[in-house]
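Working notes for the structure below.
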Amino acid sequence: MKAILNDKQIDKILKELADRIIKDNADSRNIAIVGIRSRGEILAQRLSQKLSEKLGRTVSCGTLDITLYRDDLNSPQQNNQPKVRPTEIGFDIDDKVIILVDDVLYTGRSARAAMAALIDFGRPKTIRLAVLVERAGREVPIQADYAGYKADVKPGKLVSVFLAESDGKEQVVIE
């Protein structure tokens with residue numbers, strides 16, 4: 001196991017992502033954040049807080065559960081029942097610039113499922129993808145608009161994100 005990011009580096013990346021999002025979106029009033037359960041949700045909350053501080057106003061933040069939109073839901077390898085949790089988007093997404101947040105972008109399948117789920121809630125002006133860690137290995141044509149760290153990870157290795165709120169520790173490791 002090799003640590004690639006610590007708590008200070010994760011915080012710095014989120015600040016840099018917030019700066020880039022503000023720079024790219026001249027009309028910042030339309031920005032809203034939606035995190036993909038579960039670690040994307042935590043990162044989205046943190047990113048929303050940083051954007052709110054920088055913009056001097058509250059940036060809406062929601063959570064999206066993609067369980068029923070996954071393309072491996074009925075896979076023969078899936079032996080257990082999936083746990084569906086609520087999607088919590090307490091604002092209208094129509095005509096908003098939605099920053100979709102996830103912890104790791106690898107195959108692109110989670111991001112694809114998240115976009116399909118999000119569209120069921122309305123029609124955003126734009127959907128942008130922000131990830132803490134991006135690695136090679138796309139299986140669908142998805143790319144991050146905002147990537148905090150590009151990891152050079154060999155196939156067969158895992159990138160694991162641990163966040164204080166869910167794991168009691170703060171780091172990103174390659175396993």
- Query: Out of the residues in the stretch 40-74 that are within 17 Å of A117 (Cα to Cα) and in a helix (DSSP H, G or I), which is nearest to the chain's Cα centre (by Cα)?
  - Reply: G40
- Query: Pairs, please: C-beta under 7 Å, at least 6 apart or cross-chain, first residue at negative phi and outside any helix (DSSP H, G or I) and in the stretch 10-29, second surrounded by 13 or more Cβ atoms within 10 Å (Cβ to Cβ) and not acidic (D, E)?
  - Reply: N25/I31; N25/V97
- Message: Quick check on the stretch 62-73: of everything there that is surrounded by 15 or more Cβ atoms within 10 Å (Cβ to Cβ) and of a type in the set (A, V, I, L, M, F, W, C), which residue is farthest from D92 (Cα to Cα)?
- Response: I66
- Task: Please give the number of the condition K83 fails out of (1) among the basic types (K, R); (2) modelled with pLDDT of 95 or more; (3) loosely packed, with under 14 Cβ neighbours inside 10 Å.
- Result: (2)
- Task: Can you confirm whether the stretch 24-33 contains a residue that is within 10 Å of V101 (Cα to Cα) and of a type outside the set (K, R)?
- Result: yes
- Keeping to the stretch 11-61, report how many residues are of a type in the set (G, A, S), exposed (fewer than 15 other Cβ atoms within 10 Å of the Cβ) and at pLDDT 95 or above. 1
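The values are calculated or read from the model by the stated rules, or taken from the named source; none is laboratory data. As the structure is a prediction and not an experimental result, all values here were calculated from the model. Glycine gets a Cβ as well: all are built from the backbone with ideal geometry, and neighbour counts include every protein chain shown.
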